[in-house]
Amino acid sequence: GLDYPGSADGAKALVGDLLVAADKPAMIGKLKPTKADLEALFDASVVDAMSAHVDKMYASIGEVGAKEGQTEVLFNTATAEDFKADAEPAKKFPGGYARIADKLQPAITWYAWKYVKPGETIGMAYDGLAHVNGRWVWVPKPFRALAPAN
């Protein structure tokens, strides 16, 4: 795994390094959650769906990047409780998180981030980073695993 502290500072260091990593696919690969990680993040009823989603996402994850000049990182954090309550922190995440809030394990802090130009708030946006089982894992857009059938 990647050796970053399980804190907001650790997350910031990780995504900052990810932006400039010489081998991004290798670094991203170390963030792929195991089944045990998914069980720590999600309700048991959706772990299989999340596992399939993760396999699909990691098969085509490609580059994590920023556009020219996007050198700053903006961070947001929220928990399952925030998503359930539609609290302010949750509003900074894709709306799909609120839809799956009841499938998220309590007390896990989720991270979303954007690479932006200094002074701007619009940029390349990513979400789904969490620290579980002593390591950082990335489940991009987990709500897509549980998209409504229609």
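The values are calculated or read from the model by the stated rules, or taken from the named source; none is laboratory data. Quick caveat, the model's predicted, so the values are computed rather than measured. Positions of Cβ are backbone-derived with ideal geometry, glycine not excepted, and every protein chain shown enters the neighbour counts. What goes into the accessible areas is simple: the full protein's heavy atoms, side chains included, and nothing from ligands, DNA or RNA. Shrake-Rupley method; radii C 1.70, N 1.55, O 1.52, S 1.80 Å.
The set of residues in segment 74-122 being more than 18 Å from Val132 (Cβ to Cβ) and among the hydroxyl-bearing types (Ser, Thr, Tyr) consists of Tyr115, Thr121.
Among the residues of segment 110-120, those that are over 19 Å from Lys32 (Cβ atoms) and either open to solvent by less than 50 Å² (accessible area, probe 1.4 Å) or part of a loop (DSSP other than H, G, I, E, B) (or both) comprise Tyr115, Val116, Lys117, Pro118, Gly119, Glu120. If you go through segment 121-132 and pick out every residue that is surrounded by fewer than 14 Cβ atoms within 10 Å (Cβ to Cβ) and touching a residue at least 12 places away in the same chain (Cβ under 8 Å), you end up with 1. In segment 97-108, how many are surrounded by fewer than 16 Cβ atoms within 10 Å (Cβ to Cβ) and either in a helix (DSSP H, G or I) or in contact with a Cys (Cβ under 7 Å, 6 or more places away or on another chain) (or both)? Going through segment 97-108 one residue at a time, the tally reaches 2.
With the structure loaded, tell me whether Pro94 is more than 21 Å from Gly10 (Cα to Cα) and assigned to a loop (DSSP other than H, G, I, E, B) or whether it fails that test. So Pro94 fits the description; yes. With respect to the conditions (1) buried (at least 16 other Cβ atoms within 10 Å of the Cβ); (2) more than 16 Å from the chain's Cα centre (by Cα); (3) not basic (Lys, Arg), Asp43 falls short on a single one, namely (1).
Against the test of being over 22 Å from Ala8 (Cβ atoms), among the small types (Gly, Ala, Ser) and over 15 Å from the mean Cα position of the chain (by Cα), the options Ala52, Ala87 yield a single qualifying residue, Ala52.
Would you check which residues across segment 67-93 are touching a helix residue (DSSP H, G or I) at 6+ places or on another chain (Cβ under 7 Å) and surrounded by 14 or more Cβ atoms within 10 Å (Cβ to Cβ) and list them? Answer for segment 67-93, where residues must be touching a helix residue (DSSP H, G or I) at 6+ places or on another chain (Cβ under 7 Å) and surrounded by 14 or more Cβ atoms within 10 Å (Cβ to Cβ): Val73, Phe75, Asn76, Thr77, Ala78, Ala80, Asp82, Phe83, Lys84, Pro89, Ala90.
How many residues does segment 26-39 contain that are farther than 18 Å from Tyr126 by Cβ, within 15 Å of the chain's Cα centre (by Cα) and surrounded by fewer than 17 Cβ atoms within 10 Å (Cβ to Cβ)? Residues flagged as farther than 18 Å from Tyr126 by Cβ, within 15 Å of the chain's Cα centre (by Cα) and surrounded by fewer than 17 Cβ atoms within 10 Å (Cβ to Cβ) within segment 26-39 amount to 1. What single numbered condition from (1) without any contact (Cβ under 8 Å) to a residue 40 or more places away in the chain; (2) under 20 Å from Arg135 (Cα atoms); (3) in a loop (DSSP other than H, G, I, E, B); (4) of a type outside the set (Gly, Ala, Ser) fails to hold for Ile61? Of the numbered conditions (1) without any contact (Cβ under 8 Å) to a residue 40 or more places away in the chain; (2) under 20 Å from Arg135 (Cα atoms); (3) in a loop (DSSP other than H, G, I, E, B); (4) of a type outside the set (Gly, Ala, Ser), the odd one out for Ile61 is (1). Restricting segment 1-25 to residues that are not hydrophobic (A, V, I, L, M, F, W, C) and not in a helix (DSSP H, G or I) leaves a set whose member that is surrounded by the most Cβ atoms within 10 Å (Cβ to Cβ) is Tyr4. Is it the case that Val64 is open to solvent by less than 30 Å² (accessible area, probe 1.4 Å) and at pLDDT below 90? Yes: the conditions hold for Val64.
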